[in-house]
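Let me begin by presenting the structure, written as structure tokens, before commenting on it.
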């Protein structure tokens, strides 16, 4: 069939669809379906010997076929990483479509109002836009939080009996489906549904992804002749959302700086909080098995391997994980994925996540602060009054060795602040990383937040403007064991309360 796009028009609180012809795909996966679940009782590792070191991919625009290097060796029992010490970072510039940046992250929940307010208060992200009953949306309530370039969207479904009274869809997010959201929250609780990327062309990104093996979730939709939105399956019940703008700012927008999507109205009644968080650095997924997940995402995006870690690199004496970080050409989009290591003394925290989340999903979101000390003072001040609690701080011995770890990058006063606030410090051959982790942010021991600040790696673009290289300072390899220990201690407190 010929290529085409859906049209979605927003006016008078209703939306009209016009479906044009669209290329037929072999997948039956749709926006009204949740991807097949991975049950923990199933075997989580394949036993097939894989020797391929590249993936054949096709660009749907040029129809050229070429290979993307895998970078890792594979052998029995799944993905065989070369490990941190042997990994050589290269950037083959292998993206299959133009990717600009992280655009937003959408959480699905059963109560968007309270979830949005909690995150707003805890992270210092004001609620700047809304789409709900007050704006004429009978399908879902959605609230947008924004701080710098970071956008968090919280969405929850209304009763189907309410939306049934409307003759046309009033949803501001055309891919939203109430029954799917109900099933999603029943399985995962508060969790990330969509990791959204701004791309040059969301239709091209979708077509290219599907041509190279991704599972389609939502075909490209043109909204109000201004925005194109499409979705493909990422892992578990999480989608990778593509968004592109044909005319992002309109003269009729009363507050263009707060503009997000048609159907959203600006919101100014909430406190204008700001703790210094500025953007999303990386979104980490937990999967039962790393090999197929990495191959799958690489095959339809062309993203390259940015970093690798094995249990030998980052584990403790009791548990461990294997991890791969994928990145786009500009290395502004970083997608780490973890798998558990089985047969250890303790159940891996990744396996615990998979059990409580009922399958793969987003484990944590790393948020960049322009001043991590100020951000942490603000966040810790609110920990006991509706904000977020943090993982236990490292022991004093960690900070006694901090000078050796940090070098001359931090002053004595800053190192003292690191100890007072529980901040971890690591560095690689290019820069320094400051990081800290919250406890899980919901009822289940699943998703949590990481606050980071990267120091160094400043470069100039073609216009002479300074920018920081993606992933500067690494991903805290030297702190993984400390993080594991703190999570293990946290899980032990939960286990001690269980009744046999």
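No value in this document is a laboratory result; all are computed from the given coordinates. All of these numbers come straight from a predicted model, not from anything done at the bench. Heads up, the Cβs are rebuilt from the backbone with ideal geometry, glycines too, and the neighbour counts pull from every protein chain shown.
Packing-based ranking of 200-212, 216-228 yields 200-212, 216-228, ordered from highest to lowest mean Cβ neighbour count within 10 Å.
Taken as Cα centroids, the range 91-150 and the range 213-240 sit 16 Å apart, rounded to the nearest whole angstrom.
Does the range 166-207 come out rounded, prolate or oblate, given a ≥ b ≥ c as the square roots of the eigenvalues of its C-alpha gyration tensor, rounded meaning a/c under 1.5 and, failing that, prolate meaning a/b above b/c? Judged from the Cα gyration tensor, the range 166-207 comes out oblate (a/c at least 1.5, b/c at or above a/b). Considering only alpha-carbon pairs that sit under 8 angstrom and 6 or more positions apart, the relative contact order computed for the range 356-428 is 29 percent. Peptides 436-443, 377-384 ranked from most to least packed give 436-443, 377-384, packing being the mean of other C-beta atoms within 10 angstrom over each peptide's residues. Using the average count of surrounding beta-carbon atoms within 10 Å as a protection proxy, the listed peptides 97-105, 286-294, 385-393 rank, highest first, as 286-294, 97-105, 385-393. Each Cα pair under 8 Å and six or more residues apart adds its sequence gap; the mean of these over the residue count of the range 192-239 is a relative contact order of 41 percent. Measuring nothing but how far apart in sequence close Cα pairs (under 8 Å, 6+ apart) lie, relative to its length, the range 100-252 scores a relative contact order of 23 percent. The largest-to-smallest principal axis extents of the Cα set in the range 94-152 are 43, 27, 18 Å.
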